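Colleague: Got a structure for you, written out below as structure tokens; questions coming shortly.
The values are calculated or read from the model by the stated rules, or taken from the named source; none is laboratory data. Since we're looking at a predicted model, the values are computed, not measured. Cβ sites come from the backbone with ideal geometry, for glycine too, and all protein chains shown count toward neighbours.
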Amino acid sequence: MPTSRFTLNGNLSASNRIARQINRNLIFNQIRVKQPISRAELARTSGLQRSTVSLIVEELLTDRWVVEGLTGEIPRGRKPTFLNINGQRGVLALDIHPAHAMLAVTDLGGKIISLDSVEFPANPQNVIGAILNSVKKMLRAHPNRTFEGIGINLPGRFDPHLEKSIFAPNVDWPIGQLKSSVERATGLPVVVDNVANACALSEIWFGHSDKIHDLVVVNVSEGIGTGIFANGHLLRGQAGVAGEFGHVQLDPNGVRCGCGGKGCWETIASNRAGMRYFAEIAKKPISSFDALIQLAKADDDAAKQALTMMCKALGRGMHMIALALAPGEIVVVGDIANVWDLAGPVIEAEMRSFALVRAPSIRSAREGNKARLRSAVALIMNSKVL
Ligand SMILES: [Zn+2]
């Protein structure tokens, strides 16, 4: 019996369902990566029995996630029919930051078809309206595509049942109303989750951490949040607020944090911290974290120093995570992954400079900039098989 890889309620009677979900996910991902592909080839590459593969393929065809395409040519015997991901179906992915959002239309495999962004208006009361306009515009631009739903990543923790935000210290607009507003405006199913949780799910859903059942995603952006996949489940804790390592105090003399605390991990290791370090070293402010990344890529000393300080602080927090949760992998999501050659070794060395029982491997998310958007797709796709 394989270990569950999905967010479930831990119901034992569901164990058969779990195995079927895992196999279905495996087959879907094989089709996604290797399309066009025949059933026979799927059986070979997945290691599943032909009959199991056929059953799952029928299910995927019925759900119209997969379509049959061209017939293949082989020297003798029955001609195989190739399978493809259904290109007519899609997901709208919405990645919400405190002051802007990214939107994408993707296929069911998370491949980005079109991309847009929206800067939020200064008045907090107008933010949801601006998001709705962008969503409707995006849907109108794809009239021939059938949408499975809208996956939304949120900065902060959000109770999906109470439909209100529980903890979002970097957000000053009514984020708790977003889910119901988007549902009303579009009529589509909407799934929301914290961005780090979504990214952890995405690593599992899109098969990047196939053999790993304990991984932590550290999302480094305006703040820091973690998504914890432990014992094959997304760990949510009371009211869904688990994973706020970003607000553990690491510097008692540090700067004030959005949560009201002082010297939290995110005050020394987030993008904002990197920009602050640069301003201190270069004696001039920098307009954005992306500008800081570009400077570092251009070999600017102050920029590289600032990012090194930020990455050391990241490594200190990773040490805390490694000790607390003993994950097999820590996956870093965020702009810092764009300079992984610089960041990765600093983070890893700092983490290992403290005593560890077992060191996890640390890597950046494979899709780089697209990881957050892809994770919003994983929210929708995962919700369809539960
Ligand atoms: Zn804090």
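Okay, residues lined up against (1) among the hydroxyl-bearing types (Ser, Thr, Tyr); (2) at pLDDT below 95; (3) in contact with a Cys (Cβ under 9 Å, 6 or more places away or on another chain); (4) more than 17 Å from Cys199 (Cα to Cα):
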| position | (1), (2), (3), (4) |
| --- | --- |
| His319 | no, no, no, yes |
| Ala322 | no, no, no, yes |
| Val333 | no, yes, yes, no |
| Pro345 | no, no, yes, yes |
| Glu348 | no, no, no, yes |
| Leu356 | no, yes, no, yes |
| Ser364 | yes, yes, no, no |
| Glu367 | no, yes, no, no |
| Lys370 | no, yes, no, no |
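Colleague: State yes or no: is Gly187 small (Gly, Ala, Ser) and modelled with pLDDT of 90 or more?
Modeller: Yes, satisfied.
Colleague: Only residues that are within 16 Å of the ligand (Cβ to nearest atom), under 19 Å from the mean Cα position of the chain (by Cα) and under 15 Å from Ala324 (Cα atoms): list them for the range 226-266, please.
Modeller: Across the range 226-266, the qualifying residues are Thr226, Ala242, Gly243, Glu244, Phe245, Gly246.
Colleague: Go through the range 229-256 and report how many residues are crowded, with 22+ Cβ neighbours inside 10 Å and touching a strand residue (DSSP E or B) at 6+ places or on another chain (Cβ under 6 Å).
Modeller: 4
Colleague: May I pose another question? Do any helices (runs of 4 or more DSSP H) entirely within the range 2-71 hold 2 or more residues that are modelled with pLDDT under 85 and surrounded by fewer than 16 Cβ atoms within 10 Å (Cβ to Cβ), and if so, which?
Modeller: Because the criterion is at least 2 residues that are modelled with pLDDT under 85 and surrounded by fewer than 16 Cβ atoms within 10 Å (Cβ to Cβ), the helices (runs of 4 or more DSSP H) in the range 2-71 that meet it are 15-34.
Colleague: Give me the pairs: first residue in the range 270-282 and in contact (Cβ under 8 Å) with a residue 60 or more places away in the chain and at negative phi, second residue part of a helix (DSSP H, G or I) and surrounded by fewer than 22 Cβ atoms within 10 Å (Cβ to Cβ), beta-carbon distance under 7 Å, and six or more apart or on different chains, which are they?
Modeller: Matching pairs, first to second residue: Asn271/Asp335.
Colleague: Moving on to the next point. Quick check on Trp265: is it free of Cβ contacts under 8 Å to residues at least 60 places away in the same chain, crowded, with 24+ Cβ neighbours inside 10 Å and of a type in the set (A, V, I, L, M, F, W, C)?
Modeller: So Trp265 fits the description; yes.
Colleague: Still on this structure: Looking at this structure, is Leu188 closer than 20 Å to Glu148 by Cβ, over 18 Å from the mean Cα position of the chain (by Cα) and not in a helix (DSSP H, G or I)?
Modeller: Answer is yes for this residue.
Colleague: Here's a follow-up. For Ala168, are the conditions met, namely being at pLDDT below 85, surrounded by fewer than 24 Cβ atoms within 10 Å (Cβ to Cβ) and more than 16 Å from the chain's Cα centre (by Cα)?
Modeller: yes
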